[in-house]
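The values are calculated or read from the model by the stated rules, or taken from the named source; none is laboratory data. Here the structure is a predicted model, which is why all the values come from computation and not from measurement. Heads up, the Cβs are rebuilt from the backbone with ideal geometry, glycines too, and the neighbour counts pull from every protein chain shown. What goes into the accessible areas is simple: the full protein's heavy atoms, side chains included, and nothing from ligands, DNA or RNA. Shrake-Rupley method; radii C 1.70, N 1.55, O 1.52, S 1.80 Å.
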Amino acid sequence: TCDVESLLRNADVAMYLSKSRGKGRFEFFEPAMHQEAVDRLDLKADLQRAIDEGEFFLHYQPIFDLATGRVTLVEALIRWRHPTRGLVMPDRFITLAEENGLIARIGEWVMREACLQTAQWQRIPGCEDISITVNLSMRQLQDIGLVNALTRALKDSGLQAHHLVLEITESMLAQDPDRSAEILGQLKTIGVKLALDDFGTGYSSLSYLRTFAVDSIKIDRSFISELHRSATSTALIDAVVNLARALGAYTVAEGIEYSDQAALLRKLGCDRG
């Protein structure tokens, strides 16, 4: 149809898709976009029910000490068990939760659940020193209630603050460095650890490492997958490892899939993976 109402609606759909994919770009409307927009609206409406009905759950990704093979950290990863769509991954709903203001409630639930589970693991002989790492979104970092929510999660679970690692990305810090520095300073005062995620994927700035005093640097999986095919990737990982060591931080390699990758990372001095 070519009526004015349809044209404006379709232009609106294309505009929001363009916004979701980044700045300084445009999109031509295609019929499939309308269904995508309807699906987004449906998921958005289902989020409140998902919280109330307990449809979210956590998966835990082990992080190993590359020298000893022991699990030292576990990363909490949220998933949504939707009653009709099945398993919904976070890239489908986190942005929607930020848009409708539910990210604070979801984030607080993740924090509490992850801390409770870690405290439970620590009661197992040999697991007393295990720590948990949790991802923060940009909206969570800007939320004035973040520090209080975090404090409550630690108090209710009995987990010591230094056993909780909060992951932030370079892109988050680039959006509002001053506000990020203020909030992260408060979090450090509590005693939690900070990890810089996806290091080297677009916004890399040495000033972030100095300003935000991170405890660990996560090397993006794109560099790990190229280890044996690209001398440049190997050289960059070596540089990041040495930089982290000079700053008193440890390194975590993401996405190790083969034993020869782990062996080379050990040789380069990477701490965990």
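The set of residues in segment 70-93 that are among the charged types (D, E, K, R) and under 16 Å from the mean Cα position of the chain (by Cα) comprises Glu75, Arg79, Asp91, Arg92. In segment 82-103, the residues that are touching a residue at least 12 places away in the same chain (Cβ under 8 Å) form no Cβ pair under 7 Å with any partner that is aromatic (Phe, Trp, Tyr) and in a helix (DSSP H, G or I), whether six or more places apart or across chains. Is it the case that some residue within segment 26-48 is at pLDDT 90 or above, open to solvent by 40 Å² or more (accessible area, probe 1.4 Å) and over 30 Å from Gly273 (Cα atoms)? Looking through segment 26-48, none of the residues is at pLDDT 90 or above, open to solvent by 40 Å² or more (accessible area, probe 1.4 Å) and over 30 Å from Gly273 (Cα atoms). Residues in segment 53-69 that are more than 24 Å from Leu96 (Cα to Cα), more than 20 Å from the chain's Cα centre (by Cα) and exposed (fewer than 14 other Cβ atoms within 10 Å of the Cβ): Ala67, Thr68, Gly69. Within segment 75-97, at least one residue is basic (Lys, Arg), open to solvent by less than 50 Å² (accessible area, probe 1.4 Å) and at pLDDT 95 or above. Every listed requirement among (1) in contact with a strand residue (DSSP E or B) (Cβ under 6 Å, 6 or more places away or on another chain); (2) modelled with pLDDT under 95; (3) not small (Gly, Ala, Ser) is met by Arg139 save one, (1). Answer yes or no as to whether Arg210 is without any contact (Cβ under 8 Å) to a residue 60 or more places away in the chain, of a type in the set (Lys, Arg) and under 26 Å from Asp91 (Cα atoms). Taking the combined requirement at face value, the residue does not satisfy it.
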